Amino acid sequence: MGLKNIVFILVFIISFAFLIKNLYKVFTYLKIGQKENRFDSPGQRILNVLKIAFGQSKLLREPVAGLIHFLIFWGFILFLFAVIETIIQGFYTPFDLEWTGALYGFITFTQDFFGLFVLVAILYSFFRRYIQKVKRLQGGSEEKVDAAIVLLLILTVVFSMFIQNSAHIAINSYQLSEYEFRPISEFLAALFFAENYKAALVGYEVAWWVHILTIFFFMNYLPYSKHFHVYTSIPNVYFSKIGSQKYALKPINLEDESIEQFGAADVEHLSWKQMLDGFSCTECGRCTTACPAANTGKALSPKRIIEKIRKRTEEKAPLILAQSDNQEILEKTLVHGYITQEELWACTTCNACVQECPITIEHIDSIVDMRRNLTLMEASFPTELNAVFKNIETNFSPWAFNPSERADWATGMNIKTLAEDQDAEILFWVGCAGSFDSRYQKVTKAFATLMQKAGINFRILGTEEKCNGDTARRLGNEYLAQMLMKENIETLNNYKVRKIVTACPHCFNSIKNEYPQFGGNFEVLHHSELIINMLQENKIELNENSSASKITFHDSCYLGRYNNIYNAPREALEKIGGVELIEMPRSKDKGFCCGAGGGRMFMEELEGSRINENRTKEAIETNADTIAAACPFCITMLSDGLKTFEKADDINVKDIAEIVLDNTK
């Protein structure tokens, strides 16, 4: 064993000891968080990792940036062979991977070509960040320096690998082994070490040490960098929510009398997974770029929310673990101290941030948990919500309508309630807007008429129906939400309801994805799904000569992002003869929120421009004569937007049920 090996072993031990110490430190930080079971369904979780982490599916939603990251990611995965080879050479100098035979050919070929791709990707990354100055990549000076350091380190790792390989080729008189294939390194060997054996020897040793020392420095720098996600992103994807609970808010066990804190005032009230989100954030800004609040000048930036969770964790967790009495730090809280109420109440819970995040950070869970603290622990919320909570509690709807009027819309339509007749194949869950809002009552009647025309045997709950709980829950009032949900579930179970259809995406998502948390397991359809089924089965007969119409369809966040229903409403519209469907630039899974979700329907927008006006302007620019929607909140927000632009007399806003009914015999 030579001096080189001895020095390397010492460096190796120090580097990995320091790394393990830092990784363990972060692991201990997570232990202060609340318990949460994310260890179920390992098969599904592994599939998620393969698709999202290794397949880079979310990053590739943005083709240019996604391809750059894909090349860097897979370049480093393939470089692991070179790193392993170099590390083993540190212990035993003559070692190489030639014994792997044909596999060695693949290893050397991919290292060469992916090395070139990575170099190009890194240079383009510098261009995008510092010359082109892509907005979402622009942070503070600390972020800019950190990004530059990381890019330079990657550049050094790849460049030193090329010098090392080309020098090795020159040392061996340009004779490659049987399976070795390094065309780029061969070219560089001829360029840098043409017949210069001594220069090649020096170049190899220098490049070897630069390569391995840069790797050791890089891996220990990462825990202090925003690129810590290199270690945490794959675990974060593995532990992300799956199945029917993917977009459901986690419940609070209100029956547990030992719980003293409802929601999250500080990081220790968050779950360990929410704290892991903080350490996994890549600060890529995709979440904030997609956020409707951020797009319209609000204080909210989903990226900053997650960054602040990490910053506060790094500040407070060591003190909790050490049982420190540093009151100056301990008395501060995440909410108020780092994150303002204005940021939290600006969120529409549209889920764009979660959908765009390449490593499945769950921003909304953390935002709602902090709202729960504000509502349940501090009674600190926008003044408009006082009336909303009171109405929900006393009238079982966000509006001050008498609950006895809930079924008045059905007068004269010969629609029975379950109390009158339980012999039905499906329950029509009308919802608060469909029951009380004069505009959306027209949609309720249109959809009910379509079902009657199709011979669907349906019933309603009438006055027994109460608000589904979505609004209260997303405004942080978990107590009120659970009261409504449990009462509704009891009513539905008493009638042995199994199948439900609703025209409201908020009711749809709540009953389908969140009611199972409390024993309410039902087959739930959105009315767009039932409408297209009725059309496909010829239960509804369309007019032969429908009037031609240019229609643009606005995707509801709770129908699209939360439940992946994009095609059903469009297919229903396309069934109508003469209809030209025009897509807005932001449509389907890249659609833009109307601004009403997350309880924002009942709050004023006091910052920036209005979200609904931003969206309505985009719809107007399609030159469509009708804006179609499939959500009561969206109908309201888009209609208000048209009034702002003085286009209410020129452009219609209609639900798909109304459009289909207008074109039936």
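Since every read-out is calculated from the coordinates, none of them should be taken as a lab result. The structure displayed is predicted, hence computed values, not measured ones. Cβ: placed from backbone, ideal geometry, glycine included. Neighbour counts: every protein chain shown.
Miscellaneous remarks
- Ranking of L3, L661 by neighbouring Cβ atoms within 10 Å, starting from the fewest: L3, L661.
- Positive-pole candidate from M534, T417, L427, dipole of the stretch 384-535, charges at beta carbon: M534
- Entry note, the chain: the mean residue ellipticity at 222 nm calculated from DSSP H runs of n ≥ 4, each adding -39500 (n - 2.57), is -16000 deg cm²/dmol after division by the residues and rounding to the nearest 500.
- Exceeding the 22 Å Cα-Cα cut-off - candidates K499/K665; K390/K416; K298/K617; K31/K144; K512/K550; K241/K512: K499/K665; K390/K416; K31/K144; K512/K550
- Taking the Cα centre of the stretch 542-662 as origin and assigning +1 to Lys and Arg Cβ atoms and -1 to Asp and Glu Cβ atoms, the resulting dipole is close to 360 debye.
- Distance from the C-alpha centroid of the stretch 122-160 to that of the stretch 524-596: 43 Å, rounded to the whole angstrom.
- For K198, a cut-off of 19 angstrom between C-alpha atoms picks up these lysines, skipping any fewer than 8 places away in its own chain: K4.
- The angle separating the long axis of helix 183-192 from the principal Cα axis of greatest extent in the chain is about 50 degrees.
- Between helix 3-30 and the chain there is an angle of about 20 degrees, using the helix long axis and the longest principal axis of the Cα atoms.
- Spin-label model, Q34/E604: points 7 Å from Cα along the beta carbon direction are separated by 3.3 nm.
- Straight-distance candidates among the aspartates and glutamates for linking to K442, with alpha-carbon spacing under 18 Å and chain neighbours fewer than 8 residues away dropped: E405, D408, D640, D655, E658, D662.
- For the stretch 40-238, the Cβ-based charge dipole about the Cα centre amounts to some 1100 debye (Lys, Arg positive; Asp, Glu negative; other atoms uncharged).
- Burial ranking of peptide ranges 583-596, 147-160 (average Cβ count within 10 Å, highest at the top): 583-596, 147-160
- Whole-angstrom gap from the stretch 88-109 to the stretch 366-441, using each part's C-alpha centre: 68
- Ordered by the count of other Cβ atoms within 10 Å of each Cβ, fewest first, R372, R570, R610 give R610, R570, R372.
- Dipole of the chain computed with +1 at Lys/Arg Cβ and -1 at Asp/Glu Cβ about the Cα centre; of L30, N663, Q175, farthest Cα towards the positive end is Q175.
- Additional length obtainable on full extension of the chain from K133 to L152, 0.36 nm per residue less Cα span: 5.1 nm
- About the centre of its Cα atoms, the chain shows a dipole size close to 700 debye [charges on the beta carbon of Lys, Arg (+1) and Asp, Glu (-1) only; nearest 20 debye].
- Distance (nanometres) between label positions extended 7 Å along Cα→Cβ at I84 and I46: 1.9
- Long-range HN-HN contacts of I456 with modeled amide H, under 5 Å: none
- Taking the longest Cα principal axis of the chain as reference, the axis of helix 384-395 is set at about 50 degrees.
- The stretch 286-358 and the stretch 1-69: distance between their alpha carbon centers, rounded to Å: 23
- Distance in nm between pseudo-label sites at Y92 and F16 (7 Å out along the Cβ direction from Cα): 1.5
- Ordering I456, I215 from the fewest to the most neighbouring beta carbons within 10 Å gives I456, I215.
- Once the Cα-Cα distance is subtracted from the 0.36 nm per residue extended length, the A419 to Q245 segment shows a gain of 59.5 nm.
- Net charge of the neighbourhood of H527, taken over other residues with C-beta under 12 Å away and scored Lys/Arg +1, Asp/Glu -1, is -3.
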